Amino acid sequence: MATIALAVAAYLLGSIPFAVVVSRVLGLPDPRGYGSGNPGATNVLRTGNKLAAVFTLLGDAGKGAVAVILARGLAPRLGGGEEAVAMAAAAVFLGHLYPIFLRFRGGKGVATAAGVLAALSPGLGLILAGVWIATAALFRFSSLAALTAAGVAPLVAAGFFGWHLYTGVTLLMATLLAWRHRANIQRLIAGTETRIGRSQPTGRHPGA
């Protein structure tokens with residue numbers, strides 16, 4: 001019962017669309033109406049409002065971390081264990097990808113996954129953040145950086161946790177993150193992906 005309750009609570013937390021909330025508070029356009037249409041920090045940044053993008057990034061990462069931290073604190077009191085924490089970690093990520101508040105059309109999950117993994121293990125989070133930064137600095141593709149970090153995440157998690165539920169959750173998030181970036185993968189192969197720091201047309205480009 002504790003596992004189900006924590007998973008539902010985590011899913012609802014993950015469903016909070018910080019890109020939409022921040023944009024409304026700051027008087028910006030709904031991020032689902034321009035650029036990629038993706039309710040995430042990268043798309044919000046296309047408005048030119050860096051503060052809004054930072055708030056969105058912090059909100060999306062924060063909800064992932066908070067879900068894990070709260071589950072860890074509450075699970076023992078509710079009669080649950082590590083399986084409840086693992087379920088909450090997966091649920092908050094799924095909430096971001098398929099939020100009930102946006103008719104199940106959410107973001108790609110990079111920031112939320114980062115928050116989840118950092119809360120599961122700060123060392124794991126630091127290593128993957130380093131992979132993202134190094135890849136982004138070298139190739140200047142945000143999507144490639146996310147995909148590279150996702151690709152190595154299960155292996156690094158296995159090094160930290162061994163064959164554990166947390167490793168399974170990491171593998172699940174990495175797989176879904178790659179699936180959500182399938183349009184980016186096609187553009188990377190075609191050589192048409194937008195590099196970091198370069199502007200993109202303001203019209204809708206689904207999957208960007």
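For the reader, a short list of remarks on this structure follows.
- Values of log10 I(q)/I(0) for segment 18-84 across q = 0.15, 0.21 Å⁻¹ run -0.53, -0.73, by the Debye formula with one identical scatterer at each alpha carbon and no solvent.
- Pairwise centroid distance, computed over Cα atoms, of segment 15-45 with segment 65-135, Å: 21 Å
- Within a Gaussian network of the chain (alpha carbon springs, distance under 10 Å), most fluctuating of ILE189, ILE16, ILE133: ILE189
- Here is the size of segment 2-190 from its Cα atoms: Rg then Dmax, 16.0, 52 Å.
- Crossing angle, helix 165-180 versus the chain [Cα axis fit, 0-90 degrees, rounded to tens]: 20 degrees
- Each helix, a run of at least 4 DSSP H residues, gives -39500 (n - 2.57); summed and divided by the residues of the chain, these come to -22000 deg cm²/dmol at 222 nm.
- Charge sum, other residues only, whose C-beta stays under 11 Å from ILE16's C-beta, Lys/Arg counted +1 and Asp/Glu -1: 0
- Mean-square fluctuations from a GNM of the chain, with a 10 angstrom spring cutoff on Cα atoms, peak among ALA134, ALA174, ALA41 at ALA134.
- Listed residues TYR166, TYR11, TYR34, most fluctuating in the chain (Gaussian network, C-alpha, under 10 Å): TYR34
Every number here is computed from the coordinates shown, using simple stated rules; none is lab data. The structure presented is a predicted model; accordingly, all values stated were derived computationally and were not measured. Neighbour counts are summed over all protein chains in view; Cβ atoms, including those assigned to glycine, are modelled from backbone coordinates with ideal geometry.
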